[in-house]
Amino acid sequence: MTLFQNVRKGLLPARLTADEVYDLTAAGVLAEGEKFELIDGEIVPMAAAKANWHEQMKRKLVEALIMTRPRSAGVYVESSLTLDGRTLVEPDIAVWSAGGDSREVRGPDLLLVIEVADISIAYDLRVKAPLYARFGIRDYWVVDAVRRTIRVHRAPRDEVYADVEEYEAHDSVAALLLEGVEIRLDTLD
């Protein structure tokens, strides 16, 4: 039985804490492959299957980041990040100090967060952007795998980013907090 079936049948509460999610996973009640995030304690389903262009773009970005990142930074793919006791997210790509524990990393510790979007673009812009701004993530990118653009969000204040710019595939985008990291979508192999 899936998490969502258990919630519908009343076997699990509709709202959980991040610690409860970790405990339920360790106990085998939740499968490690369950696709959901916890936003303000509410279980939010994620797409179970991702389109090929989403996965190809994610692969290309990960390879580019690994090749250009400072040695002190780690590149993490779909890691569970506990932003607070009621918020657990799994961005497509996150960069923070190498070796840091994902359960201990908080918004200001994140050097770059990237969501790769195809059909999830509205969610990544309308739900994730305010959420990431609220938790102080200073460099948040939404990479549109279909249109091949990067929407860069910076200068978080409350639940909005004061600085938002969109770049085309031929534009070079430099990471704010990662010296030497620049991405140009049209040059990714």
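Quick look at the values:
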| item | result |
| --- | --- |
| Scope the stretch 145-177; condition outside any strand (DSSP E or B) and in contact with a Ser or Thr (Cβ under 8 Å, 6 or more places away or on another chain); matching residues | E168, A169 |
| Criterion (within 13 Å of the chain's Cα centre (by Cα) and among the polar types (S, T, N, Q)) met by exactly one of S97, S79 | S79 |
| Hey, V75 farther than 17 Å from R134 by Cα and surrounded by 20 or more Cβ atoms within 10 Å (Cβ to Cβ) or not | yes |
| Sole exception among (1) buried (at least 21 other Cβ atoms within 10 Å of the Cβ); (2) over 11 Å from the mean Cα position of the chain (by Cα) for I114, by number | (2) |
| Residue list for the stretch 123-138, filter: in contact (Cβ under 8 Å) with a residue 12 or more places away in the chain, surrounded by fewer than 22 Cβ atoms within 10 Å (Cβ to Cβ) and not hydrophobic (A, V, I, L, M, F, W, C) | P130, R134, G136, R138 |
| Candidates R154, R148, filtered to the one that is under 12 Å from M57 (Cα atoms), basic (K, R) and at pLDDT 95 or above | R148 |
| Single unsatisfied condition, A169 versus (1) on the phi < 0 side of the Ramachandran plot; (2) touching a strand residue (DSSP E or B) at 6+ places or on another chain (Cβ under 9 Å); (3) of a type in the set (G, A, S); (4) modelled with pLDDT under 95 | (4) |
| Single unsatisfied condition, T68 versus (1) at pLDDT 85 or above; (2) crowded, with 17+ Cβ neighbours inside 10 Å | (2) |
| Every pair of residues 6+ apart whose Cβ atoms lie under 6 Å, when the first sits in the stretch 16-37 and is on the phi < 0 side of the Ramachandran plot and hydrophobic (A, V, I, L, M, F, W, C) while the second is buried (at least 17 other Cβ atoms within 10 Å of the Cβ) and part of a loop (DSSP other than H, G, I, E, B) | L24/L30 |
| Filtered residue count, the stretch 93-144, keeping only those that are assigned to a loop (DSSP other than H, G, I, E, B) and in contact with a Gly (Cβ under 9 Å, 6 or more places away or on another chain) | 9 |
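Per-residue answers, yes or no, for (1) in a strand (DSSP E or B); (2) closer than 26 Å to R184 by Cα:
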| site | (1), (2) |
| --- | --- |
| E55 | no, yes |
| L61 | no, yes |
| A64 | no, yes |
| M67 | no, yes |
| R71 | no, yes |
| Y76 | yes, yes |
| S79 | no, yes |
| T82 | yes, no |
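The values are calculated or read from the model by the stated rules, or taken from the named source; none is laboratory data. Because the structure is a prediction, the values reported are computed rather than measured. With ideal geometry, Cβ positions are generated from the backbone for all residues, glycine too; neighbour counts draw on all protein chains shown.
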